[in-house]
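The values are calculated or read from the model by the stated rules, or taken from the named source; none is laboratory data. Keep in mind that what you see is a predicted model, and the values were worked out from it rather than measured. Here Cβ is always computed from backbone atoms with ideal geometry, including for glycine, and neighbour counts include all displayed protein chains. Accessible surface areas use protein heavy atoms only, side chains included; no ligands, DNA or RNA. Shrake-Rupley method; radii C 1.70, N 1.55, O 1.52, S 1.80 Å.
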Amino acid sequence: MDPSVCREHLSKLIAEESQALARLEGLLDQEHEYLLANDIDALDRAGEARQSCIADLVRIEDERRALCRMHNVTADKLGLERLLNWCDPTQSLKPRIADCAERAGRCRHLNERNGALVTARLKRVEGLLEVITGRQAQPKVYGKHGGHETTRSPNVLAKA
């Protein structure tokens, strides 16, 4: 493959990734609003949209990996740098790749924020259920078949 064709393909992938990450960032912000509002129906729709966006990002990453394999470089950061040095000697794509990495970091932060909110709410619901049922949460242990089992006595840590 000609270096200019490779550069054009990478440029297209970077543009697609940037758009998908921007969309994901917006979806994660929207998801947070739905979590705060306890809007379950909107959360379901947002979850479907988020999964579609993630699927797009996975497809883009698969194409980038295939491009690296086609040029006999590893599909990691070093391999991508080698490929860029070959097909983009002026390093014009490097700022766009850095922008995607920064945006991906923001998406990870937003996703962790949403996950922390969901976890806190689950713990609260568990506590409320303990009060309502009069039962304390039992520790989970591994049973004889390797699965989790709830013990009846808080002193039992495992069963044989």
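Measure off, as a whole percent, the carbon and sulfur share of the 1.4 Å-probe accessible area of the range 1-108, all protein chains present.
53
For a quick protection proxy, order the peptides 20-26, 111-117, 5-11 by their average other-Cβ count within 10 Å, most packed first.
The densest-packed peptide leads the list: 20-26, 5-11, 111-117.
So what is the relative contact order of the range 5-114, in percent, for Cα pairs below 8 Å that sit 6 or more residues apart?
Here the relative contact order equals 41 percent.
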